[in-house]
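See below for the structure under consideration.
Since every read-out is calculated from the coordinates, none of them should be taken as a lab result. Only a predicted model underlies this, so the values are computations on that prediction, with no experimental measurement involved. Methodologically, a virtual Cβ is constructed for each residue, glycine included, from the backbone with ideal geometry; neighbour enumeration extends over all protein chains shown.
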Amino acid sequence: MNTRKNIQILLAVIVGLLSPVMQAAEAQSNPYVGAQQGLWFQSVSTDKARYDPLGAVQFTVAFKQQVAGKTLVAAYEHLDSLVGSDTLQVQNADSVSWVWQVPQTDYRGYMIQLYLIDSGTLLDYSDIALDVSSDWSKFPRYGFLSSYPNMSQSSIDSTITVLNRYHINGLQFYDWQYKHNEPLAGTVQSPSPTWNDIANRTNYLSTVEGYIDAAHQRGMKAMNYNLLYGAYANAYQDGVNTSWSLYQDTNHQSRLFYALPSGWASNLYIMDPSNSDWKNYIFAQERKVFLAIPFDGWHVDQLGYLGSSWNYAGQPVDVAGSFSSFLTDARSQLNVDLVMNAVGQYGQSQIASTNVDFLYTEVWDPDSTYGDLTQIIGDNSTYSNNRLRTVLAAYMDYNLSGGYFNTPGVLLTDAVIFASGGDHLELGEHMLSNEYFPTAKLQMSPSLQQALVHYYDFMVAYENLLRDGERAAFLPVSGEMGSASISLTSQPALGSLWNSVTMKDSLVVLNLVNFLKANSMAWRDRYGTQAAPDTLSDLTFSFVSGSKIVKIWTASPDFYGGSPVNLPFTQSGTSVSFTVPDLLYWGMVVIQFDTTVSSIRSGRNELPGSFSLGQNYPNPFNPQTTIGYNVPFGSNVKIDVYNVLGQKVATLVDGFVSGGFHEITFDGSRVSSGLYICTMRADRYFSSMKMVLMK
């Protein structure tokens, strides 16, 4: 990269010749000069996937060889700011561990940069992220388990250790149960040590409990999977009344069911989730589970739209419409964490109105493009009034069998999901490629495993920009590489860079995803044919802003472990330009504007921190008045004036407005005296104020 720090200054900082305060000031640009990554570091790990504020993090670095007389420096960063550091002397060791107490601020991601130094020479570097969150639902990173044979605790721990490195903070225990209508085998006092699941696999209680214990030690939630309405054919023997079923006809002659493969224990018969007797029954069965096994919550599944259905009395049943009351009653009766699958978005608006931990969508056709993934995440945010995050169960390389997942397809899909503020359910004992989670027909190559470590580190380190109150923004950016222009699109498109723009506080974030060499916009990459992108170098971007830029920096999971790198920029008048040194799959550019706040009337050309509509002056007025308003970044703005009857009397602004402080004049000479309401709409902002015209 061409944005490089003076290595002599950095090394002086790292070995302690400068103070930690100076290190904080100096460690903002790219320090990775003079070292070839991976020569010394074997692995870097933390003891948990999630930490409480003021919690103690245990870091462990394993080396590829015995290390003697070297210095290990850990620099702890939040976004692009250094918040602390540790220096350790390594003497005759093949690994080293230490503890860092995280800051008190809740819901914050950190990037930890690690340097191995010998007498002023940088030998190697590595990175790892960590999440400080008291509640997993703020930044869910969902994984799964799907096989429960007789396993040793060491084998269990090995699986959980791998998932911990990806910072997975919750696990869906898929098909752990005995029967869907009777998930616990045995009694609360004496659960059965083994049982056969619906596929007639033998599951072991010791394995389920061993996984839960290992997950809890790592700060992960353990979610008990079960349908909300599934019952075996012989469920009447367990106390299920068949009249609680859904029917395919109005005369209760044909029960609604879901056919399963021959040799499985039963087809699944669909019960009426709005039936109070069924709800009381299944809640009682789930209560037994939570009393006997230390699950944290219920992952509630469904099967999507199954056609029209009727209850026993011949009344039509709105199945999706029943989800809200079902989940509300489940939370009240069970008092556990809840997540519910919206298969193909079926019933998601109902689910989003309840107190679930986050929104979960199993993605199916016709939502087949990268743009559809962004749309689902955006829709879910709208359904929940920006309250809940989204996890997508999106199965890659669906039609492949044997061999490896196609790395370009996986990374482009993850880049789109993560850049849109979502999470991808994909990692467990294996990587998912099928809705039946035990299916393990493809493997992850070592290079894909390593790449995903960086992608999950990136998602955690920058969670406060990617999925923490960010809002959609508009910044018209143009780009070129050399003398050739580059297509920048607001939606993923072939032959373009997808430029997703969001804003958080005084920061505007550009997420750039490289589709220039893509051969398809189908995210599932069914046959593993998605093409790898070329590395793009020295990309120059420009935009127009009347506001002062303080800093521009970039980070990418594809380079230097995702560590932040300052970018030089020029600002001449309203024109701003900067150069991104390298872009492979996904890069993030963060533009920090000057947040100095001055009077709306001052005319100073500085960026306000947020949208706002000022009070008009003078007020009362006759016949003209001035209205000031703030725009933190270029955006479409609409300002209207209404009378007390709600009739629009004037549109003062309707179109794109550059960032900054603005003033407009309202002339009331053609309207009568009285009270008027001025409204402003921009992005997701809305405000109004009263004006009095006195003639």
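For the stretch 368-515, what is the convex hull (Cα atoms) projected area averaged across all directions, in square nanometres?
Values: hull surface 41.0 nm².
Its average projected convex-hull area is 10.2 nm².
Rounded to the nearest 5, what % of DSSP beta bridges with both residues in the stretch 471-593 are antiparallel? Intermediate results must be reported in sequence, preceding the final value.
Numbers: 45 of 47 bridges.
Percentage antiparallel, nearest 5: 95.
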Once all Cα-Cα distances of the stretch 31-133 are split into 10 Å bins that start at 0, what whole-number percent is in each one?
15, 49, 28, 8
In nm, give the distance between the simple-model label positions of SER95 and GLN65, each being 7 Å from the Cα along the Cα-to-Cβ direction.
2.0 nm
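At 222 nm, what value in deg cm²/dmol follows for the chain if DSSP H runs of at least 4 each add -39500 (n - 2.57) and the sum is divided by all its residues, to the nearest 500?
On the way: 11 runs with 122 residues, N = 695.
Helix contribution divided over all residues of the chain: -5500 deg cm²/dmol.
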Phi angles of the stretch 666-679, converted by Karplus (6.51 cos²θ - 1.76 cosθ + 1.60, θ = phi - 60°) into ³J(HN,Hα) in whole Hz with x for Gly and Pro, give 10, 9, x, 5, 9, 10, 7, 4, x, 8, 10, 10, 9, 10
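Just want to confirm a number: the relative contact order over the stretch 471-593, from Cα pairs under 8 angstrom separated by 6+ residues, in percent. Before the final figure, lay out the partial values.
On the way: 274 pairs, mean separation 32.9, N = 123.
Rounded, it is 27 percent for the stretch 471-593.
What FRET efficiency would be calculated for the residue pair SER192, LEU494, taking the C-beta separation as r and a Förster radius of 45 Å, to the nearest 0.05?
Numbers: r = 54 Å, r/R0 = 1.20.
Once the sixth-power term is evaluated, E becomes 0.25.
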Treat each spin label as a single point 7 Å out from the Cα along the C-beta direction, and report the THR570 to ARG287 distance in nm.
7.2 nm
Each label point is 7 Å from the Cα along the Cα-to-Cβ direction; what then is the distance between the points at THR242 and ASP106, in nm?
5.1 nm
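Mind listing which GluC sites (Glu not before Pro) in the stretch 357-465 are in a DSSP loop and have 13 or fewer other Cβ atoms within 10 Å?
Details: sites: GLU362, GLU426, GLU429, GLU435, GLU463; in loops: GLU426, GLU429, GLU435.
Those satisfying the criteria are GLU435.
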For the chain, calculate the relative contact order in percent as a whole number, restricting contacts to Cα pairs under 8 Å that are 6 or more residues apart.
9 percent
DSSP beta bridges in the stretch 140-466 [antiparallel fraction, %, rounded to 5]:
30 percent
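Give the calculated FRET efficiency between SER152 and SER478 to the nearest 0.05, with a Förster radius of 51 Å applied to their Cβ-Cβ distance. Intermediate results must be reported in sequence, preceding the final value.
Numbers: r = 58 Å, r/R0 = 1.15.
Efficiency at R0 = 51 Å is approximately 0.30.
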Can you give me the pair-distance distribution of the stretch 140-466, C-alpha pairs, 10 Å bins, whole percents?
6, 26, 36, 25, 8, 1
Kindly state, as a whole number, the per residue volume in cubic angstrom of the convex hull around the alpha carbon atoms of the chain.
184 Å³
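Quick one: grab the alpha carbon gyration tensor of the stretch 300-355, order the square roots of its eigenvalues as a ≥ b ≥ c, and give me rounded if a/c is under 1.5, else prolate or oblate depending on whether a/b is larger than b/c.
Working: a/c = 2.36, a/b = 1.46, b/c = 1.61.
Oblate.
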Per-bin percent of Cα-Cα distances, the stretch 471-593 [5 Å]
2, 11, 20, 24, 20, 13, 6, 3, 1, 0, 0
Which value results when the Cα radius of gyration for the stretch 205-299 is divided by 2.2 N^0.38 Å?
1.29
